[in-house]
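The next block holds one structure in the form of structure tokens; read it before the comments.
The values are calculated or read from the model by the stated rules, or taken from the named source; none is laboratory data. Just so we're clear, the structure is a prediction, and the values are computed from it rather than from any experiment. Positions of Cβ are backbone-derived with ideal geometry, glycine not excepted, and every protein chain shown enters the neighbour counts. Only protein heavy atoms, including side chains, enter the accessible area calculation; ligands, DNA and RNA are left aside. Shrake-Rupley method; radii C 1.70, N 1.55, O 1.52, S 1.80 Å.
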Amino acid sequence: MAWLPTVVAKGPAPLHREHLRRQPVALRAGRLHCIVLDTSGSMRQRGRLALAKGHAAFMIEQAARQGDDVALLCFGGQGVELLLPPGRARASGSQRLRPVGGGGGTPLAEALAQADRLLQRTLRIGGPTECWLWLLTDGRTLEQPQAPLTPQHLVIVDFDDPKKNLGRCAAWATRWGAEHQLALA
């Protein structure tokens, strides 16, 4: 309710329905969080995968509380798998992470390319959407992927060993203009 315009419209007369003025509601564009989770063999070491899965579950639950959309891709020895297609985040979506195991190689470039295509398709179908891409990885790959082009916000959550950090996640963040967060610090 816009009280000042209502009081001005009312003037000295008694308040009636036609005097009421409402403030315009600022609608924000929808927000999609695309979580790209590394399930490669190196993530299984020192509990990194378990920690990353917990981090992803927390992100899904946060998105649900905020009314945002979420998508979840996992990549590892079995290739790239879409666990949660883009849609309204539900706290129960975090349960999809429980059976996720790890192992094998790190098809990072293919995972990022698939995430980019997913975001492009979502924008084409759903209209204006604020796209966030969250890459949860330890950076232990020799691939040097290009930055995804579609997301407006790109965050690399670094799960590498803080004592023996290879620095690849930080280097990608610098090269891509992305935010870099240390998960294990």
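Here are the numbers:
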| item | result |
| --- | --- |
| Residue check, Ala111 assigned to a helix (DSSP H, G or I), open to solvent by less than 30 Å² (accessible area, probe 1.4 Å), farther than 21 Å from Glu61 by Cβ and touching an Asp or Glu at 6+ places or on another chain (Cβ under 7 Å) | no |
| Among (1) in contact with a Cys (Cβ under 8 Å, 6 or more places away or on another chain); (2) at pLDDT 95 or above, the one test that Leu83 misses | (2) |
| Residue list for the range 142-173, filter: part of a loop (DSSP other than H, G, I, E, B) and under 16 Å from Trp132 (Cα atoms) | Ala147, Pro148, Leu149, Thr150, Pro151, Gln152 |
| Options Ala170, Ala183; residue that is within 20 Å of Leu37 (Cβ to Cβ) and within 16 Å of the chain's Cα centre (by Cα) | Ala183 |
| In the range 119-177, residue surrounded by the most Cβ atoms within 10 Å (Cβ to Cβ) [restricted to those that are under 17 Å from Pro107 (Cβ atoms) and among the charged types (D, E, K, R)] | Asp138 |
| The range 68-83, residues that are open to solvent by 10 Å² or more (accessible area, probe 1.4 Å) and among the aromatic types (Phe, Trp, Tyr) | none |
| Failed criterion for Arg65 (all others in (1) surrounded by 12 or more Cβ atoms within 10 Å (Cβ to Cβ); (2) outside any loop (DSSP other than H, G, I, E, B) hold) | (1) |
| Members of the range 119-132 that are out of contact with any Ser or Thr (no Cβ under 8 Å at 6 or more places or on another chain) and within 20 Å of Leu37 (Cβ to Cβ) | Arg121, Trp132 |
